[in-house]
Structures are given as structure tokens and as C-alpha cells.
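Student: Below are the C-alpha cells for one structure; questions will follow.
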Amino acid sequence: MAPGPAGRMLLLDACCVLNFFATGRIEEILRTLKWRSAITAVVSGEAMWIYRGGDGEDARERDPVDVEPLAAIGLLEVLTPETDAETDDFVAFAALLDDGEAMTAALAMHRGAAIATDDRKARREISSRAPHITLLSTAELLYAWSRDAAVAPAILRQALRNVTSRAHFVPARQDLLRAWWDSATQHK
């Protein structure tokens, strides 16, 4: 995955927001990525919590996700439709996808943004209806973060393990970066 051109927007869907929060290093990740990161207001409402994780009795307790501090320091924009065309395309995508993914797709289509999503159906529908939109995944973006920030193996291992335990995510078996993910999370 090539990093985005400086200033180009990357719209994160709810699963990617949760995965980034789960790492415990979302600020570092957003600062390292070469994209202007944004979410839609709908995604902000969908990405409400992650699991506490770990091995303790409280591992399944929920920790809230709050995007406001990231918005306040300019690391994450929260967007809403600004034109009738964006709203119309949101409605069209909403017939096929969840509201967060539909709003993300509609705004990306009109604003020239890339999309970060791991949802297979969303990726298929967006590729079919708007093939010009660049689609990225959690694994691609965390790989770029680890490479570009020269993240120490122990920190990367813990961040990826956190994604698994706190957001219940691992890349699909057919994901080209699954071997990298598995290798990075192994005991050393």
C-alpha cells in the first residue's frame, strides 16, 4: 500500500475507527499516516465502544470511544453531507450498506477521498459503483504506520493483539497482509 498524498482525505468507517482505538495508539497512527483523516457523523455515532481486553475479569467490559479529543486537535475531522448530491448518493448506498458505510461512500465519492474499511460487502459495492475510490484496510494502514514510524516490534505486537482482543478483529485469511499480521503478533 502506498501512503496517501499529503492532504488527501481518508474516510474511516466504524470498524477501522474501532480497530485504531483498540490499538491504544490512535493518535500516533493518525499522525503518521499521510492522509487527512476523517469520519462521518454517522460513523461517529456507530463507533461507540471497544472491549477493555486483556486477561482480567473485566476483559469483556466496554470502554467508550470518544472522537472529540482527536477532532479538537485536528487529527480527525467529523463530516456531514454538504450537497444534495451527497445526500442522494447516501440514500442510494443506504439501500445496499449500513448507514455509516453508505455515508462514508457517498462523501468519498464527491470529495475525492479514499476509504478505510474491512467490510467485504462494503468493499464489493463501493468498488462496483465507484471504482475510482481507493479502498484501504486496517492491516494496510497499520502496516504503513509500523513501517513509516519504525514501530518497535514489541509495541507493534501489543497494538495488533489489542485490536484482536479489544475490537475482535483479525484480517481475513485471504488478506495479503495476514501473514505479516500473524508474524508480528507471535511471541518473540
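The values are calculated or read from the model by the stated rules, or taken from the named source; none is laboratory data. For clarity, every value in this text was computed on a predicted model and none was experimentally measured. Positions of Cβ are generated from backbone atoms using ideal geometry, with glycine treated the same way; all protein chains shown enter the neighbour counts.
Student: With the structure loaded, tell me whether A71 is of a type outside the set (S, T, Y) and surrounded by fewer than 22 Cβ atoms within 10 Å (Cβ to Cβ) or whether it fails that test. Give the derivation first.
Tutor: Values: of a type outside the set (S, T, Y): yes; surrounded by fewer than 22 Cβ atoms within 10 Å (Cβ to Cβ): yes.
Judged against the criteria, A71 is a match.
Student: While we're looking at this one, here's another question. Quick check on my filter: what residues within the stretch 48-59 are in contact (Cβ under 8 Å) with a residue 40 or more places away in the chain and either on the phi < 0 side of the Ramachandran plot or among the acidic types (D, E) (or both)? Steps first, answer last, please.
Tutor: Applying the first criterion (in contact (Cβ under 8 Å) with a residue 40 or more places away in the chain) to the stretch 48-59 yields 50-54, 59.
Passing the criteria: I50, Y51, R52, A59.
Student: Ok, one more. One residue is enough: does the stretch 44-55 have a residue meeting the conditions surrounded by fewer than 15 Cβ atoms within 10 Å (Cβ to Cβ) and modelled with pLDDT of 95 or more?
Tutor: Taking every residue of the stretch 44-55 in turn, none turns out to be surrounded by fewer than 15 Cβ atoms within 10 Å (Cβ to Cβ) and modelled with pLDDT of 95 or more.
Student: Restricting attention to the stretch 154-171, and to residues there that are more than 18 Å from W49 (Cα to Cα) and surrounded by 12 or more Cβ atoms within 10 Å (Cβ to Cβ), which single residue is nearest to the chain's Cα centre (by Cα)? Can you show your working first?
Tutor: Here is the first cut: in the stretch 154-171, the ones more than 18 Å from W49 (Cα to Cα) are 154-158, 171.
If we keep only those that are surrounded by 12 or more Cβ atoms within 10 Å (Cβ to Cβ) too, we end up with 155-158, 171.
Details: I155: 19, L156: 17, R157: 18, Q158: 18, P171: 13 Å.
Among those that are more than 18 Å from W49 (Cα to Cα) and surrounded by 12 or more Cβ atoms within 10 Å (Cβ to Cβ), it is P171.
Student: In this structure, is L135 crowded, with 16+ Cβ neighbours inside 10 Å, farther than 18 Å from I26 by Cβ and without any contact (Cβ under 8 Å) to a residue 24 or more places away in the chain? Break it down stepwise before answering.
Tutor: Values: crowded, with 16+ Cβ neighbours inside 10 Å: yes; farther than 18 Å from I26 by Cβ: yes; without any contact (Cβ under 8 Å) to a residue 24 or more places away in the chain: yes.
Considered against the rule, which asks whether it is crowded, with 16+ Cβ neighbours inside 10 Å, farther than 18 Å from I26 by Cβ and without any contact (Cβ under 8 Å) to a residue 24 or more places away in the chain, L135 comes out as yes.
Student: Only one of A22, A47, A14, A59 is among the small types (G, A, S), under 14 Å from T138 (Cβ atoms) and in contact with a Lys or Arg (Cβ under 8 Å, 6 or more places away or on another chain). Can you tell me which? Full working, then the answer.
Tutor: Values: A47 fails: in contact with a Lys or Arg (Cβ under 8 Å, 6 or more places away or on another chain); A14 fails: in contact with a Lys or Arg (Cβ under 8 Å, 6 or more places away or on another chain); A59 fails: under 14 Å from T138 (Cβ atoms).
Of A22, A47, A14, A59, the one residue that is among the small types (G, A, S), under 14 Å from T138 (Cβ atoms) and in contact with a Lys or Arg (Cβ under 8 Å, 6 or more places away or on another chain) is A22.
Student: Any residue at all in the stretch 11-25 that's under 19 Å from A130 (Cα atoms), in a strand (DSSP E or B) and not β-branched (V, I, T)? Reasoning before the result, please.
Tutor: Going through the stretch 11-25, the residues under 19 Å from A130 (Cα atoms) turn out to be 11-13.
Then keep just the ones that are in a strand (DSSP E or B); that gives 11-12.
Now drop any that are not not β-branched (V, I, T), which leaves 11-12.
Scanning the stretch 11-25, I find at least one residue that is under 19 Å from A130 (Cα atoms), in a strand (DSSP E or B) and not β-branched (V, I, T), so the answer is yes.
Student: Something else: Taking the stretch 33-43, which residues are farther than 23 Å from A139 by Cβ and buried (at least 21 other Cβ atoms within 10 Å of the Cβ)?
Tutor: The one that is farther than 23 Å from A139 by Cβ and buried (at least 21 other Cβ atoms within 10 Å of the Cβ): V42.
Student: Restricting attention to the stretch 8-32, which residues are without any contact (Cβ under 8 Å) to a residue 60 or more places away in the chain and surrounded by fewer than 24 Cβ atoms within 10 Å (Cβ to Cβ)?
Tutor: First, the residues of the stretch 8-32 that are without any contact (Cβ under 8 Å) to a residue 60 or more places away in the chain: 17, 26-27, 30-31.
Scanning the stretch 8-32 gives I26, E27, L30, R31.
Student: Helices (runs of 4 or more DSSP H) wholly in the stretch 74-188 with at least 2 residues that are under 22 Å from M9 (Cβ atoms) and modelled with pLDDT of 95 or more - which ones?
Tutor: Values: elements: 84-94, 99-111, 120-129, 138-148, 153-167, 178-185.
By residue number, 84-94, 99-111, 120-129, 138-148.
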